[in-house]
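Trainee: Can you keep this structure in mind? I'll have questions shortly.
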């Protein structure tokens, strides 16, 4: 059970005496051990024994909502993220003072969620991220292919919701800064939008995938994920539904570089 569902309180001895490098060893419901550092606990709002909850109301119908530095799914579907190994992203203060999940660039903080889009014929994903530095990184992988959200050449090699990656799409992916990146996948079209700017429409067949991995270990990420929001259908960019989601995201994160 995630800490956010347990009313977990950090004992005074830990808050006052433990060092930042100390850690607590935990075990997932599947028996996989992982560790939570004292720094993570001190940074988390869970230290006061409350469930952080989602600070923003997003349009209904979502399949997954991770925000506010929590691994607990706020969509109501109980699709909680767990580490694939010993380490989890830390919880820190990030964009607009909100809690975020932070990857430190070591390549050992991958999260996984059991695949949940198997019966869908399209999907739309919104990711609010802060990138500190990155020649190549991948934020979400849904299929076992060698894909990048940004490759060293500056372009993406996207494979999210696909069975093969695009070579050199999207162009000019960010290596620093705060951004909203969305993926809009239908049975025939695939489009990536960065900060409301479309990277162009590609012909594509939609593949729900057999996994859902976040901050995958083989593509080292240095930065934060503030929000990960998935809808189990294709939402056209610029549509009323898409604008409703974007407006909610902008209200939550006013520093994002678009109006």
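Trainee: With a 10 Å radius around each residue's Cβ, average the other Cβ atoms per peptide and rank 244-255, 157-168, highest first.
Mentor: Working: 244-255: 16.2, 157-168: 19.4.
Sorting 244-255, 157-168 by mean packing, highest first, produces 157-168, 244-255.
Trainee: If I histogram all Cα-Cα distances within the stretch 54-252 using bins 10 Å wide from 0, what percent of pairs lands in each bin?
Mentor: 9, 40, 42, 9, 0
Trainee: How would you order 173-179, 85-91, 222-228 from highest to lowest mean count of nearby Cβ atoms within 10 Å? Write out the running numbers ahead of the final one.
Mentor: Details: 173-179: 17.6, 85-91: 20.3, 222-228: 24.1.
So the order, starting with the most tightly packed, is 222-228, 85-91, 173-179.
Trainee: Determine the distance separating the Cα centre of the stretch 55-97 from the Cα centre of the stretch 182-218; give it in Å without decimals.
Mentor: 20 Å
Trainee: Can you tell me which of 120-133, 193-206 comes out highest on packing, and rank the rest after it, using the mean Cβ neighbours within 10 Å? Display every interim value, and only then the final one.
Mentor: On the way: 120-133: 20.6, 193-206: 15.4.
Those peptides, ordered most packed to least, come out 120-133, 193-206.
A short reminder: the numbers here are calculations on the coordinates, not readings from a lab. Since the model is a prediction, treat every value here as computed from it, not as a measurement. Note: ideal-geometry Cβ built from the backbone for every residue, glycine included; neighbour counts use all protein chains shown.
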